Amino acid sequence: MRHLILIFLILSQYCCHSKDNKGEVDTEVRSTALSSDSVFRGHPISFYIRHKEIPQVCKDLFNGVRQPSDEVDVLSLLDSVLKTNDETGPFYFLTITRTMKNADGAYAEAVGVMGKLFVETKTKEFVDYFNSERLLTDEDFEEWAKTVAGEIEIAAEEGHEKEDLDKLRTNMKLNCRCNEGQIKIMNDFVERVRRVLP
C-alpha cells in the first residue's frame, strides 16, 4: 500500500508542478560537497558526475544546486535507488543519504517509504555501504535510522510501533546472509531506530 502512495506522490507531482522551480540549497549543504577525487564504491565522484545514465537532477542534488523537493524528477530518484544497478546505484544511495537531513513535506514521506523498503529488501547492500564506505558517516547512519523510524511511526497502527520494528528486524535478517561484522551493523541500526520510536 505504501508503494502505491509513493507512486501516487510521484504522479501527482508530475501533474501539478512545472520543472522550472529549481531552488537553491543553503550554504551548509554546499559546504558538505565532496571532492571529485573522493571515492565511493570503487569509483571517484567525478565518474558519477560524468555518467550519462545518471540524470542531471541527481547530480544537482548531490552538488547542492537543487534542494530536496516534491517535484517529480526528484521523487523519481527514490525509485531509482531501489533498482539493481551496481554502476549507478551507489551514487543514488549517496545522494539520497545526503538529502535526508533536509527532507521535508512530501519528499520526507517518500524518502521514509523508500528508506524502510531499502533496508528491508537490500539489507546486505545497506550494511555494506556503512561497513566499508568512508564517505558515509555516523551522522548519515543516524539519519537513516530517523527516516526509517519516522516511516514506522506513520505506517504502524498506534501503539504497535515496536511490533513493526520487530518485523523490520526479521525482514532484514531474512534478506542478509551477513557476516558477523555486518550483523553487528544491522543490529546497531535496529537499536537506533528503536531509540527514536515513541
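Exactly one of (1) touching a Phe, Trp or Tyr at 6+ places or on another chain (Cβ under 7 Å); (2) crowded, with 20+ Cβ neighbours inside 10 Å is unmet by ASP70. Its number?
All conditions pass for ASP70, except number (2).
Mind checking which helices (runs of 4 or more DSSP H) fall wholly inside region 125-198 and carry at least 1 residues that are in contact with a Lys or Arg (Cβ under 9 Å, 6 or more places away or on another chain) and in contact (Cβ under 8 Å) with a residue 60 or more places away in the chain?
Ranges flagged: 138-155, 180-196.
Tell me which residues, restricted to region 136-164, are under 15 Å from the mean Cα position of the chain (by Cα), open to solvent by less than 40 Å² (accessible area, probe 1.4 Å) and under 25 Å from GLY181 (Cα atoms).
LEU136, ASP140, PHE141, GLU143, TRP144, ALA145, THR147, VAL148, ALA149 - these are the residues of region 136-164 that are under 15 Å from the mean Cα position of the chain (by Cα), open to solvent by less than 40 Å² (accessible area, probe 1.4 Å) and under 25 Å from GLY181 (Cα atoms).
The values are calculated or read from the model by the stated rules, or taken from the named source; none is laboratory data. Predicted, not measured: the structure shown is a model, and the values here were computed from it. Here the Cβ is made from the backbone with ideal geometry for all residues, glycine too, and neighbour counts use every protein chain on show. For accessibility, only protein heavy atoms count, side chains too; no ligands or nucleic acids. Shrake-Rupley method; radii C 1.70, N 1.55, O 1.52, S 1.80 Å.
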